[in-house]
Amino acid sequence: MPDDHSKLVPLLPIPNRTVKRLCADDSAGSRVKVGHRQALIAPNPPSNSKGWGVLRYGFRIKSYFSSICSETFSMLLQDILYSQGFGTRRVCAGLIQQGRVEICESFADQAAKEYSVCTTATTEFDLDQLSLRVQGIEWKFYPKAYILLNKPTGTECSQKPSTYPSVYSLLPSPLRHRPTKSAIQGVQAVGRLDQDTTGMLLLSDDGQFIHRMSSPKKHVAKVYQVTTKHPIDPAQVAKLMAGVVLDDDPVIVKAAACVSVESHRLDLTLTEGKYHQVKRMLAAVGNRVESLHRSRIGNMNLPDDLAPGKWRWLDEADLQLLTMSS
Ligand code: URA
C-alpha cells in the first residue's frame, strides 16, 4: 500500500476527533489514529469477524493494542464511572446525583482544563479526551488499564498476601475495582516478582495484553540486575548462556543475554518466567542471588523518575516499546 495519506483514509469529519493514517501494515491493513487511540482498518472488511468493530461512517476497525481503542465512543456517565471502577452502577449513580462528579470533556492544555458538575447519571459523554473529577480526585478515562509499578522490596504480588503487603495496596481503589469479564475484579499483575525483588511490574485488565506479555511463546525479554553473593566468573556466565538444569525441572533453561557488570553484578536477560528462575539459575551455577531488580521489559526501561512504590499509566509509546519484540 503506498504511503499516501490522501488516498488511504478519507479524513472524515468525525466530531471532536481525528482519524489520522499512521502507517500501512501489509498483513493487517492501515494503522490509524482515532483521537489518541490507535486502530487497524481492515484491508478487506471482514464480515462479522470476532474482534472487529465498526467505526462511525462504516470503517471496520480492530484495536491495535488489543482493546486500547474503544469501539464505543460515547457512554452514559453512570456507565463511565462504573467502567472505571468507582463502584456498582447504583453507587456511581448516587455519586453523580450527589454532585460529586465533575467532567472535563476536552482540553488543549492541562492548565486550561475546566470541570463542571454533572448531576444527571444518564447524560451521555464522548469518551475521547474525557477527564473526570470524582470526589475532588482527578481521573482520566481509559477504556483499558495498562499500568507500570515500580515494585518496592517487601511486597507480594498476590491479591491475598501471606506475609508482606500486597502490591495492589499501592494502587488507587478504582484500579482494583474495575469491572472485568473474569471473576477477578480490577487490574492483574503480568507475572509475579518475589517479595524481595524490586523494579518493573506491569498490571492490566486486558487479558490479551497480559497473555502477550507473559506467555513464554512470545519471548518478551526481561532484564534483571542481579547482585550475587560470590564473585561472578566467566565460567558461570558461559553456563548461564549455554543453559542450566533447575533443581526440580529437567528442561534446560538459558539466558538470552548475560553481561557481567562488576565482580558481583550481572545483567541477566530471560524470555520466560519460571518460578524463582533467576535465583534458581544462579544457584545452578554455584552462586547465590543477594538482590534482584527488574530494569527492562521488551524495549522499555524502568523510567528514572518513577520512585519505588509509585505507579503510572502506560501510554501508547510505552506499549509500543513493550510489545515491539513480542
Ligand atoms: N526470578 C526470580 O528468582 N525472582 C523474581 O522475582 C523474578 C525472576
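Taken residue by residue, segment 298-306 has at least one member that is touching a strand residue (DSSP E or B) at 6+ places or on another chain (Cβ under 6 Å), away from the ligand (no atom under 16 Å from the Cβ) and within 29 Å of residue 164 (Cβ to Cβ). For segment 279-326, filtered to residues that are loosely packed, with under 15 Cβ neighbours inside 10 Å and basic (Lys, Arg), the residue that is farthest from residue 152 (Cα to Cα) is 288. Pairs linking a residue in segment 174-198 that is at positive phi and within 16 Å of the ligand (Cβ to nearest atom) to a residue that is outside any helix (DSSP H, G or I) and of a type outside the set (Val, Ile, Thr), with Cβ atoms under 6 Å and 6 or more positions apart or on different chains, are 191/273.
When residue 223 is tested against (1) touching a Ser or Thr at 6+ places or on another chain (Cβ under 7 Å); (2) without any contact (Cβ under 8 Å) to a residue 60 or more places away in the chain, only condition (2) is not met.
Within segment 159-179, can you find the residues that are part of a loop (DSSP other than H, G, I, E, B) and either surrounded by fewer than 17 Cβ atoms within 10 Å (Cβ to Cβ) or touching a helix residue (DSSP H, G or I) at 6+ places or on another chain (Cβ under 8 Å) (or both)?
159, 160, 161, 162, 163, 164, 165, 172, 178, 179 - these are the residues of segment 159-179 that are part of a loop (DSSP other than H, G, I, E, B) and either surrounded by fewer than 17 Cβ atoms within 10 Å (Cβ to Cβ) or touching a helix residue (DSSP H, G or I) at 6+ places or on another chain (Cβ under 8 Å) (or both).
Scanning segment 277-326 for residues that are polar (S, T, N, Q) and touching a helix residue (DSSP H, G or I) at 6+ places or on another chain (Cβ under 9 Å) turns up 287, 299, 301, 323, 325, 326.
Per-residue answers, yes or no, for (1) in contact with a strand residue (DSSP E or B) (Cβ under 6 Å, 6 or more places away or on another chain); (2) within 19 Å of residue 210 (Cα to Cα):
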residue: 250; (1), (2): no, no
residue: 286; (1), (2): no, no
residue: 291; (1), (2): yes, no
residue: 295; (1), (2): yes, yes
residue: 311; (1), (2): yes, yes
residue: 315; (1), (2): no, yes
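What number of residues within segment 112-153 are over 20 Å from residue 97 (Cα atoms), modelled with pLDDT of 95 or more and hydroxyl-bearing (Ser, Thr, Tyr)? Within segment 112-153, residues that are over 20 Å from residue 97 (Cα atoms), modelled with pLDDT of 95 or more and hydroxyl-bearing (Ser, Thr, Tyr) number 2. The one condition from (1) within 16 Å of the ligand (Cβ to nearest atom); (2) within 19 Å of residue 200 (Cβ to Cβ) that residue 283 does not meet is (2). Taking segment 180-211 as the search range and keeping residues that are among the β-branched types (Val, Ile, Thr) and out of contact with any Asp or Glu (no Cβ under 6 Å at 6 or more places or on another chain), which one is surrounded by the fewest Cβ atoms within 10 Å (Cβ to Cβ)? Restricting to residues being among the β-branched types (Val, Ile, Thr) and out of contact with any Asp or Glu (no Cβ under 6 Å at 6 or more places or on another chain), the top hit is 184. Kindly list, by first and then second residue, each pair from a residue in segment 266-278 that is within 12 Å of the ligand (Cβ to nearest atom) to a residue that is assigned to a helix (DSSP H, G or I) and polar (S, T, N, Q), limited to pairs with Cβ atoms under 9 Å and residues at least 6 apart or on different chains. Every condition considered, the pairs that remain are 270/277; 273/214. For segment 215-245, residues that are of a type in the set (Val, Ile, Thr) and buried (at least 18 other Cβ atoms within 10 Å of the Cβ) total 6.
The values are calculated or read from the model by the stated rules, or taken from the named source; none is laboratory data. What you see is a predicted model, and the numbers here were worked out from it, not measured in a lab. Every residue, glycine as well, gets a Cβ built from its backbone with ideal geometry; the counts of neighbours run over all protein chains shown.
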